[in-house]
Amino acid sequence: MSVSLLGTLLLSLAILASLGMSVAGLVPARSPRMTALAGTASMACFLAILGAFGILMSAYAATDLSLLNVYLNSHSLKPLVYKLTGTWANHEGSLLLWLLVLAAFGAAMAFAPGKKDEERRIALGVQGLLTLSFLLFTLLTSSPFVSYPANWPTPIDGQGLNPLLQDPGLAIHPPTLYVGYVGLSAVFSFTIAALVRGELGRAWARTVRPFLLFAWAALTLGIGLGAWWAYYELGWGGFWFWDPVENASLMPWLAATALLHCVMVVERREVLKPWCAALAIIAFGASLLGAFLVRSGIVTSVHAFANDPERGVFLLLISALFTGGGFILFAMRGGALVKDAAFEPVSREGALVLNNLLFAVLLFTVFLGTFWPTVMEVSSGTRISVGPPYYNLMAAPLALAMAATLAFGLLIPWKKRGRGAWKKPYAIILGGGLLGALVLTFVLKGSAYAYMGFAAAILILGGVIADLARKAGLPGNAPGAALQRLGSVRPASWGAVLSHTGLALLLLGATASSVFQAETRAVIGPGESLSIRGLTIEYETRLATRGRNYIAEMDRFKVRKDGRAIETLYPSRRYYPAADQATTEVAIVRHGLGNLYLASANGQGLGDKRIVRAYVHPLIHVLWGGTILVALGGFVAAFAPLRREPSRAQAPGAQGAPA
Amino acid sequence: MILPALLFLAASLAPQEQARADAIAEDIRCLVCQNQSVAESEAELAKVMRALIEERVAAGDSDDEVRRYLTDRYGQEVLLRPAVSAGNALLWAGPIIALCAAALWAFSLFRRGAKAR
């Protein structure tokens, strides 16, 4: 049987299975057998899509030119690992990956521990509908299993692959990001089920928590990988450009971050339920919007691919159907969730509400900035840009406010004012953070952005430390007793500690590496040098080299500090004949916790001179490390055991203070 | 077409003026690149635009005059920081309106909570 036929057959089987999942999940029959059936169907659907994905991947490994998709996107000369990752480096293949993750989450929803109740059945039904929609989209408009046309000339080799995509960062960036985007579908499905049943409370919060945390952590990592890739591959030393597609990944992240804090409030206090439901719909809606943005050609971006209006319309339809349907359901049922419980503003839940609102404002701002150029072009025909200056101006004060609220929320207990014990430490943190950042900014001659970034980082770090001190009973406890108390802190709380610490480091690294970066640009010939931050960089000579599927021209630079050679750098320019594309490979070397970043280009009429750009990005490794910590905290919390049942957990526990 | 080498040699501004030109260039979009400012890009057009900015700065233009010079030639799209104008009112006011709405909502929530208590 041909690969094309087998793949299509497996996807058709998956359609049947997802249909079964939807029907068993959504028929109005309260029977455990239906729940079991939906679960079995979800597993069948996952296996069928896994099979299809495996077939496509092996076709890529073998450069099987009988598939049009392989012919258009691969080449036999590519290294094996990039042949494999090339499976998802195109529109059709990436959709199949999307489907695979969607079905995997469907199966995980069915087989996750916990009660196999009505909520789970309906959630599986919704997840089935989602899978079905994307399967139809794939098979009808974007199947990777289309055969190479019989009437075309016999292919000699594939048409290669964008060399920019032949890169380890980009090989793992899409799968990680997709786990994040698509993981939010599970949260969405459980929320729809809860709305249908009119019961969105503690049980719902406990069910969605692991899915949400896992998806959020993956999304964090995926965004971080994208930033890292942009940093070393695009060649001008930036890591975040407020590009529409970056924004498309940031929007679900912001919504999910707000949501996971809101879910905690529902779990503890059973308030804010309608807001939580709305956020869950917004978060997945933002994921769908991102999928639409990347593939519709509506925005210009480095990341955009498959700019095809027909596919765009189909995707827009799916987004509108599920997001719109979710909101209609919310409008009908959300009101019933309102519960006028006693709500103390000066409490942890109060702080979480405030932070949620700040996240919502930032989300709205990013949304407005991303779509404003489109609105302007459609309404008045003028083309405008909304770039980093706009977003930085809006986001930096919000980030500072969020950090102040975060520290406050960490110090203050749930429900009660906590007898004012939070006041003194908070005053110290707030005063110390705002003043400390001022001094730091003044000494380093930084800008207002430097101030806000530093202040935010110090406030968060201060909050984390004060929180840990309180957990350990410090000051007051003996070191041994303090350690013992820290040992009994729940793993989920450690997750929060890791993520918040990571966030502080991320802010610190982002501020230092962008506000305090040094840049030197010069045109120099062999033997000449430029200097940057006390380093002298001398251009020595030009070397030629070749890789498996490219030829390259390298330049050798010697880096000297105080006259002593400390490093040799080889920035290069590659040419990929198969794709007829050239790339610039920068040379990066760690310099303390920062990087020395060197790019060299040759130009018309320059002879053997080079246009050299050197950057020093201080503390950029703190940024990467912080991002990893944020994600790690999410994974830790996702797999941490749930709290004991609330009735017992509410009783004063061994920890004394609320965790 | 001006040679890039010439452009590099032509730049002979006082350090202070050069810093001003660089700051302007940071917020000017390179139209042939995707989401890069002309300060960051090595594209030919970006070099030309950098040279134009330096030329205008050398001629004594204010920052706004330089920007107007560029938008007259290349359109509003070159401004990475969109103009504060009537047309963009919602873009600039939107976040502030959202913040006010959020504050109102929080206030009503806290009041409702206080009543229930």
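Annotations for the structure displayed:
A quick yes/no check of all residues on (1) surrounded by fewer than 24 Cβ atoms within 10 Å (Cβ to Cβ); (2) part of a loop (DSSP other than H, G, I, E, B):
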site	(1), (2)
A:108	yes, no
A:113	yes, yes
A:123	no, no
A:144	no, yes
A:155	yes, yes
A:171	yes, no
A:175	yes, no
A:180	no, no
A:186	no, no
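- Residue A:31 being polar (S, T, N, Q) and either modelled with pLDDT under 95 or assigned by TED's automatic domain parsing to the domain that holds residue A:293 (or both): yes
- Scanning the range A:344-373 for residues that are aliphatic (A, V, I, L, M) and more than 10 Å from every other protein chain (Cβ to nearest Cβ) gives A:351, A:352.
- Qualifying residue in the range A:480-487 (condition: in contact with a Gly (Cβ under 6 Å, 6 or more places away or on another chain) and either surrounded by fewer than 17 Cβ atoms within 10 Å (Cβ to Cβ) or closer than 26 Å to residue A:588 by Cβ (or both)): no
- Failed condition for residue A:388, given (1) within 7 Å of chain B (Cβ to nearest Cβ); (2) under 20 Å from the mean Cα position of the chain (by Cα); (3) within 21 Å of residue A:461 (Cα to Cα): (3)
- Cross-chain or 6+ apart pairs with Cβ under 6 Å, the range B:65-81 first and farther than 18 Å from residue A:386 by Cα and assigned by TED's automatic domain parsing to the domain that holds residue B:33, then at pLDDT 90 or above and buried (at least 20 other Cβ atoms within 10 Å of the Cβ): B:66/B:24; B:66/B:53; B:66/B:56; B:69/B:56
- Residues in the range A:622-651 that are modelled with pLDDT of 90 or more and of a type in the set (D, E, K, R): none.
- Just so you know, in the range A:589-617 the residues that are at the interface with another protein chain (Cβ under 10 Å from one of its Cβ atoms) and touching a helix residue (DSSP H, G or I) at 6+ places or on another chain (Cβ under 7 Å) include one that is nearest to residue A:236 (Cα to Cα), and it is A:603.
- Screening A:435, A:406, A:393 for residues that are within 11 Å of another protein chain (Cβ to nearest Cβ) and part of a helix (DSSP H, G or I) leaves exactly one candidate, A:393.
- Restricting the range A:600-621 to residues that are surrounded by 24 or more Cβ atoms within 10 Å (Cβ to Cβ) and modelled with pLDDT of 90 or more leaves a set whose member that is farthest from residue A:536 (Cα to Cα) is A:620.
- None of B:68, B:111 is part of a helix (DSSP H, G or I) and more than 27 Å from residue A:398 (Cα to Cα) except B:68.
- Residue within the range B:41-51 that is more than 10 Å from chain A (Cβ to nearest Cβ) and either outside any helix (DSSP H, G or I) or polar (S, T, N, Q) (or both) present: yes
- Residue A:259 vs. criteria in a helix (DSSP H, G or I), away from every other protein chain (no Cβ under 14 Å) and closer than 29 Å to residue A:615 by Cβ: no
- Residue within the range A:226-236 that is at pLDDT 90 or above and among the aliphatic types (A, V, I, L, M) present: yes
- Scanning the range A:442-490 for residues that are of a type in the set (Val, Ile, Thr) and under 26 Å from residue A:622 (Cα atoms) yields A:443, A:458, A:460, A:464, A:465.
- Of all residues in the range B:27-69, those satisfying the criterion of being among the basic types (Lys, Arg), more than 19 Å from residue A:523 (Cβ to Cβ) and crowded, with 19+ Cβ neighbours inside 10 Å are B:29, B:56, B:67.
- Failed item in (1) within 11 Å of chain B (Cβ to nearest Cβ); (2) surrounded by fewer than 22 Cβ atoms within 10 Å (Cβ to Cβ), with residue A:329 passing the rest: (1)
- For the range B:79-107, the tally of residues that are part of a helix (DSSP H, G or I), within 7 Å of chain A (Cβ to nearest Cβ) and of a type in the set (A, V, I, L, M) stands at 5.
- Test: residue in the range A:156-172 that is out of contact with any Leu (no Cβ under 9 Å at 6 or more places or on another chain) and either at pLDDT 90 or above or at positive phi (or both): no
- Within the range A:221-256, the set of residues being more than 20 Å from residue A:371 (Cα to Cα) and part of a loop (DSSP other than H, G, I, E, B) comprises A:234, A:235, A:236, A:237, A:238, A:239.
- Those residues of the range A:359-391 which are within 19 Å of residue A:453 (Cβ to Cβ) and surrounded by fewer than 20 Cβ atoms within 10 Å (Cβ to Cβ), in sequence order: A:389
- Residue A:56 falls short on exactly one of the conditions (1) modelled with pLDDT of 90 or more; (2) surrounded by fewer than 17 Cβ atoms within 10 Å (Cβ to Cβ); (3) not acidic (Asp, Glu), and that condition is (2).
The values are calculated or read from the model by the stated rules, or taken from the named source; none is laboratory data. Fair warning: this is a prediction, and the values are worked out from it, not measured in the lab. All Cβ positions, even for glycine, are placed from backbone atoms using ideal geometry, and neighbour counts span all protein chains on display.
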